[in-house]
Structures are given as structure tokens and as C-alpha cells.
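S.K.: Mind having a look at this structure? Questions to follow.
The values are calculated or read from the model by the stated rules, or taken from the named source; none is laboratory data. Just so you know, these numbers come straight off a predicted model, no measurement behind them. Cβ placement follows ideal geometry from the backbone for every residue including glycine, while neighbour counts extend to all protein chains displayed. To get the accessible areas, we keep the full protein, side chains included, count just its heavy atoms, and leave off ligands, DNA and RNA. Shrake-Rupley method; radii C 1.70, N 1.55, O 1.52, S 1.80 Å.
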Amino acid sequence: MPLDHVSVGVNDMKKAKAFYDAALGALGWKAVMPVEIKGALVGVGYGETDHPNFWIQLPINGDRSSNGNGAHIAFHSATRAGVDAFYLAAIDNGGTDDGKPGLRSEYHPSYYGAFVRDPAGNKLEAVCHAPG
């Protein structure tokens, strides 16, 4: 069965939405399903189509979000230029570097990826598997 969606917790919806609008926008994704409760934005689903595959959300229990060590989410890019654009958009919108764009040939000869941390500390990657 294919994966339906992934969610990460955030603490500041305004900052997180600006970051993901830019970073995922560089890969052709868009915010497709905002969720409001009592007039407050509490989550946003992103996707390449109208189906949200990736979510940012405030933790439902009201606690602060945290990120797991070693866990990360990788977004596919059809091109290396898309990986570069994701990285730059992420950095320009509050993300931090966790691995500049480049080949990771230890995975396979054409593995081109970049790693960032979002404003909440979640580790993200954009990856292209196509040959150079």
C-alpha cells in the first residue's frame, strides 16, 4: 500500500507556513488543505495535486513539538536544479543548513541531495536520483 501522508509538528504556524510555502513551492508543491479550529490555523496539508501528502501541524495535545534524532523526510525532485532551489528557498525562509546540495555517491552514483532543518528543527531533504 502506498504511503498516504506524513505529518510533522511545528510550534509557530505562521513561520512554518512561510518556510514550507517557499521550500516546497520550489519543488512544485503547494498548500492544498489549510485547517482552522476556532479561527486559528492549526495545520496545513501540502501536495503536488489536491491530495495533501505532507502536513505541518500544531500538536493536538497542546505541548510543544519536538523532532526525532536520525529521522528525516525526503522530498523527490525530478532535477538537480530543483534540489538546489529547495535548499536556497529553505535557507532564505528560516531554515538552517544540514548538508549543502551535492552528490551522495555512497548511496548510489546519481544520488544528489540537500539537507536542511526547518524552523522547528525537523530534518528535511530534497533528492534527485536522475543521472547528471
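S.K.: Given (1) farther than 26 Å from Ser110 by Cβ; (2) touching a strand residue (DSSP E or B) at 6+ places or on another chain (Cβ under 6 Å), identify the lone condition not met by Lys14.
M.R.: Single failed check for Lys14: (2).
S.K.: With respect to Ala85, determine if the residue is among the aliphatic types (A, V, I, L, M), within 12 Å of the chain's Cα centre (by Cα) and outside any loop (DSSP other than H, G, I, E, B).
M.R.: no
S.K.: Of the conditions (1) more than 14 Å from the chain's Cα centre (by Cα); (2) open to solvent by less than 40 Å² (accessible area, probe 1.4 Å), Lys38 satisfies every one except a single condition; which number is it?
M.R.: Failing condition for Lys38: (2).
S.K.: Another question, then. What number goes with the only condition from (1) closer than 20 Å to Ser7 by Cα; (2) surrounded by 13 or more Cβ atoms within 10 Å (Cβ to Cβ); (3) among the polar types (S, T, N, Q) that Thr49 does not pass?
M.R.: Thr49 satisfies every listed condition except (2).
S.K.: Does any residue of segment 52-63 turn out to be open to solvent by less than 20 Å² (accessible area, probe 1.4 Å) and under 14 Å from Gly25 (Cα atoms)?
M.R.: Just the residues of segment 52-63 that are open to solvent by less than 20 Å² (accessible area, probe 1.4 Å), to begin with: 52, 54, 56.
Subset that is under 14 Å from Gly25 (Cα atoms): 52, 54.
Yes, that holds for at least one residue.
S.K.: Run Ala78 past the list (1) over 16 Å from Gly113 (Cα atoms); (2) aliphatic (A, V, I, L, M); (3) open to solvent by 70 Å² or more (accessible area, probe 1.4 Å) and report the number of the one that doesn't hold.
M.R.: For Ala78, the exception is condition (1).
S.K.: Now for a separate question. Does segment 111-132 hold any residues that are part of a loop (DSSP other than H, G, I, E, B), under 11 Å from His76 (Cα atoms) and in contact (Cβ under 8 Å) with a residue 60 or more places away in the chain, and which are they?
M.R.: None - no residue of segment 111-132 is part of a loop (DSSP other than H, G, I, E, B), under 11 Å from His76 (Cα atoms) and in contact (Cβ under 8 Å) with a residue 60 or more places away in the chain, so the list stays empty.
S.K.: Is it true that some residue in segment 82-89 is out of contact with any Asp or Glu (no Cβ under 6 Å at 6 or more places or on another chain), touching a residue at least 12 places away in the same chain (Cβ under 8 Å), surrounded by 12 or more Cβ atoms within 10 Å (Cβ to Cβ) and over 14 Å from Gly28 (Cα atoms)?
M.R.: yes
S.K.: Answer yes or no: is there a residue in segment 91-110 that is of a type in the set (Val, Ile, Thr), part of a loop (DSSP other than H, G, I, E, B) and farther than 26 Å from Ala130 by Cβ.
M.R.: No - not one qualifying residue is present in segment 91-110.
S.K.: Restricted to segment 67-82, and to residues that are aliphatic (A, V, I, L, M) and not in a strand (DSSP E or B), which residue is farthest from Val6 (Cα to Cα)?
M.R.: So, considering only residues that are aliphatic (A, V, I, L, M) and not in a strand (DSSP E or B), the one farthest from Val6 (Cα to Cα) is Ala81.
S.K.: Taking segment 90-126 as the region of interest, how many residues are open to solvent by less than 40 Å² (accessible area, probe 1.4 Å) and either of a type in the set (Gly, Ala, Ser) or under 20 Å from Asn69 (Cα atoms) (or both)?
M.R.: Selection size over segment 90-126: 16.
S.K.: Among the numbered criteria (1) open to solvent by less than 60 Å² (accessible area, probe 1.4 Å); (2) free of Cβ contacts under 8 Å to residues at least 40 places away in the same chain; (3) closer than 22 Å to Ala18 by Cβ; (4) not polar (S, T, N, Q), which one does Met33 miss?
M.R.: (1)
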